Every structure is written in C-alpha cells, then in structure tokens.
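The values are calculated or read from the model by the stated rules, or taken from the named source; none is laboratory data. Keep in mind it's a predicted model, so treat the numbers as computed, not measured. Neighbour counts run over all protein chains shown; Cβ positions are idealised from the backbone, glycine included.
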C-alpha cells in the first residue's frame, strides 16, 4: 500500500467547498485513477482538513498525480485552504485489519515522532489481540511511517460514542502498563478526530 496524506486548514466558509471537491474527485477523477484503493477525509471541529488516499503502488500514485485533471483538481482544492498544506506520502505502511471499516463512523489520525520504532511495533504486536478483544468498536488501523520521520497512525471505529466508551473502559494492569510505555515513545503528538468521516473506495 502507498499512502498520500494532506493536512491543512480550511479558510472561512470553505468547508462546504472542500466537501464538494472531495465528491467531485470521486465522481469524476476516481474512475481514471489506476491502482486507487480508497480514500478517507474530513474536517475536524477546529478546522483542520484531513485528506488521505491509498494506492496499490508508488507508480500508481504518481501516475495519478501526473494527470492534468488531477493537477487542476488539486489547484482548485488548494485555493480553499488557509495557507499551505502539508503533503506527505509513503509506502512504508503497516495495516491492522480487524473488521470491515467501510462504514466507520469515526476516524482518528495521530501524527507524532517516535523515539523507538522497533519498541513501539513490538508493543502493538504483543497487546494487539487483547486490545482488539477489549475494543470491539475498533475496525481497522494502519501505521504510515513518513519521510520526515513522523508516524501517521490512522484508526477506524464504529462510532464516536463507542470509541469514547471504549477509551473510558478500565484496562487490565498489563495493558495499561504497555499503553503508557507506548505513549511515552511519542513526541510532538497531534490528534485529528474526524467525527463525520468521508469514506470512498472503488466500486
């Protein structure tokens, strides 16, 4: 999987315009985007815009980016953003599929720097099965390791209410200890909650 991620802010009154651009891409441009696997997007309550696209290879993503219609679409979308956006892409991606995430009602993106990738991945491998059993609201997640050294962790849940209830649920002591160690490995953490996520996939 190859992931492209755009993070920005929308200008005053332009949230609806960004949603229209999202819909336009999937109606008009997606049919010609070879290797496109799906997209997730949305706007946080504090005005951050999150747009993510997944392709089956770097070549497919770059072929899409080279299309004139893609360039025109992005130029029109960029005009709706406040200031410049971060555009990041990577093929260094780990997927945690648990259930079908196509009808997810809540998506959470975390971006952070990681002090020790090996340890973080070891913790997730160790506690993953117990976490998934404890959190039936969790549907799918992937970890995208970005060229700037940061991690984008994207998690899909049934709904906001179920995710918040899951967060409040008491964990066994060994899971609590591992979670605290996991959090201690992160620096400069930013959270982006998409409480009304936009989801699209081929077909």
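Numbers for the structure displayed
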item	result
Meets criteria (closer than 17 Å to residue 145 by Cα and assigned by TED's automatic domain parsing to the domain that holds residue 177) for residue 101	no
Qualifying position, being in contact with a strand residue (DSSP E or B) (Cβ under 7 Å, 6 or more places away or on another chain), at negative phi, surrounded by 19 or more Cβ atoms within 10 Å (Cβ to Cβ) and in a helix (DSSP H, G or I), among 30, 53, 61	61
Residue within the range 71-92 that is surrounded by fewer than 17 Cβ atoms within 10 Å (Cβ to Cβ), under 19 Å from residue 185 (Cα atoms) and touching a helix residue (DSSP H, G or I) at 6+ places or on another chain (Cβ under 9 Å) present	no
Close pairs (6 angstrom Cβ cut-off, 6 or more residues apart or separate chains): assigned by TED's automatic domain parsing to the domain that holds residue 112 in the range 137-156, surrounded by 20 or more Cβ atoms within 10 Å (Cβ to Cβ) and assigned to a loop (DSSP other than H, G, I, E, B) anywhere	139/101; 139/104; 140/101; 156/101; 156/104
Some residue of the range 69-87 being within 17 Å of the chain's Cα centre (by Cα), under 20 Å from residue 155 (Cβ atoms) and outside the structural domain of residue 137 (by TED's automatic domain parsing)	yes
Residue 9 assigned to a strand (DSSP E or B), at negative phi and at pLDDT below 95	yes
Number of the exception - residue 198 against (1) at pLDDT below 95; (2) in contact with a strand residue (DSSP E or B) (Cβ under 6 Å, 6 or more places away or on another chain)	(1)
The range 156-174: number of residues that are crowded, with 16+ Cβ neighbours inside 10 Å and in a helix (DSSP H, G or I)	4
